[in-house]
Amino acid sequence: MQNDMESVLFSEEKLAERTQELADEISKEYKDKNPLMIGILKGAMPFMSDLVKRMDIYLELDFMDVSSYGNATTSSGEVKILKDLDTNVEGRDVIIVEDIIDSGRTLSYITKMFGYRKANSIKIVTLLDKPEGRVVELPVDYVGFLVPNEFVVGYGLDYAERYRNLPYIGILKPEIYRDK
Ligand code: PRP
Ligand code: MN
Ligand code: MG
């Protein structure tokens with residue numbers, strides 16, 4: 001698997017350092033609010049796991065699974081709910097946790113929906129933000145790193161469902177996805 005990588009963008013150490021900073025910032029703001037942290041499967045899983053372990057406040061976890069990309073490297077624009085929340089968000093202070101925001105379609109859909117469901121507040125924390133990919137305007141509250149318009153994998157981010165288990169974020173060798 002490591003042989004498929006062209007370069008490392010964010011090392012395991014760098015990810016841990018930035019995740020700690022985000023955890024401190026969010027903990028300070030949400031102390032006494034018992035936030036509902038909602039991870040968007042599957043990409044958010046490794047980041048969310050590391051983030052919440054660094055937060056020393058009361059909080060709750062829930063998950064949603066939506067689809068927007070399928071197995072392609074470009075966004076199809078469709079957002080479909082594959083798994084909804086178990087928790088009622090009404091009156092809750094919601095923090096959506098993502099691995100990456102690209103076109104913004106996924107989160108624009110989800111934040112609107114939590115608005116209809118009467119969440120008290122909705123904020124977004126994303127490890128990566130790719131502003132050049134943006135199609136829909138979206139306010140993002142906490143960003144780990146900005147990334148260039150390249151296909152990055154690892155630490156939750158997949159190519160055709162692979163590489164999510166890499167402990168770092170890197171760029172794939174072009175021959176891995178060329179002609180696919
Ligand atoms: C990826 C990523 C975000 C979304 C961002 O998920 O994890 O959830 O796409 O793209 P957007 O801003 O253009 O909507 P994907 O739908 O590939 O599912 P996955 O997390 O299971 O890989
Ligand atoms: Mn995702
Ligand atoms: Mg994906």
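The values are calculated or read from the model by the stated rules, or taken from the named source; none is laboratory data. Remember, predicted model here, so these are calculated numbers, not experimental data. All Cβ positions, even for glycine, are placed from backbone atoms using ideal geometry, and neighbour counts span all protein chains on display.
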Can you tell me how many residues within the range 128-180 are more than 14 Å from residue 2 (Cα to Cα), in contact (Cβ under 8 Å) with a residue 60 or more places away in the chain and either among the hydrophobic types (A, V, I, L, M, F, W, C) or in contact with a His (Cβ under 6 Å, 6 or more places away or on another chain) (or both)?
6
Cβ contacts < 7 Å: first residue part of a helix (DSSP H, G or I), restricted to the range 20-31; second residue aromatic (Phe, Trp, Tyr), any location; separation 6+ or different chain. Result?
22/142; 25/142; 26/142
Those residues of the range 63-81 which are at pLDDT 95 or above and either among the small types (Gly, Ala, Ser) or near ligand 1 (Cβ under 9 Å from one of its atoms) (or both) amount to 65
Within the range 77-104, can you find the residues that are more than 16 Å from ligand 3 (Cβ to nearest atom), within 13 Å of residue 66 (Cβ to Cβ) and among the β-branched types (Val, Ile, Thr)?
96
Got at least one residue in the range 137-157 being touching a helix residue (DSSP H, G or I) at 6+ places or on another chain (Cβ under 7 Å), under 17 Å from residue 47 (Cβ atoms) and hydroxyl-bearing (Ser, Thr, Tyr)?
yes
Among what's in the range 129-161 and is over 18 Å from residue 111 (Cβ atoms) and among the aliphatic types (A, V, I, L, M), pick the residue that is nearest to the chain's Cα centre (by Cα).
157
Take the conditions over 17 Å from the mean Cα position of the chain (by Cα), part of a helix (DSSP H, G or I), away from ligand 1 (no atom under 16 Å from the Cβ) and modelled with pLDDT of 95 or more and apply them to residue 13. Does it pass?
yes
Give the number of residues within the range 109-119 that are buried (at least 18 other Cβ atoms within 10 Å of the Cβ) and either touching a residue at least 24 places away in the same chain (Cβ under 8 Å) or within 9 Å of ligand 1 (Cβ to nearest atom) (or both).
4
When the range 88-106 is examined, which residues are found to be touching a residue at least 40 places away in the same chain (Cβ under 8 Å) and crowded, with 20+ Cβ neighbours inside 10 Å?
89, 92, 94, 95, 96, 97, 98, 99, 100, 106
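Listed here are the residues, each with its yes/no results for (1) away from ligand 1 (no atom under 16 Å from the Cβ); (2) closer than 14 Å to residue 123 by Cβ; (3) among the aromatic types (Phe, Trp, Tyr).
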| position | (1), (2), (3) |
| --- | --- |
| 18 | yes, no, no |
| 22 | yes, yes, no |
| 28 | yes, yes, no |
| 32 | yes, no, no |
| 49 | no, no, no |
| 54 | yes, no, no |
| 59 | yes, yes, no |
Of a type in the set (Val, Ile, Thr), surrounded by fewer than 18 Cβ atoms within 10 Å (Cβ to Cβ) and at pLDDT 95 or above - does that describe any residue in the range 120-141?
yes
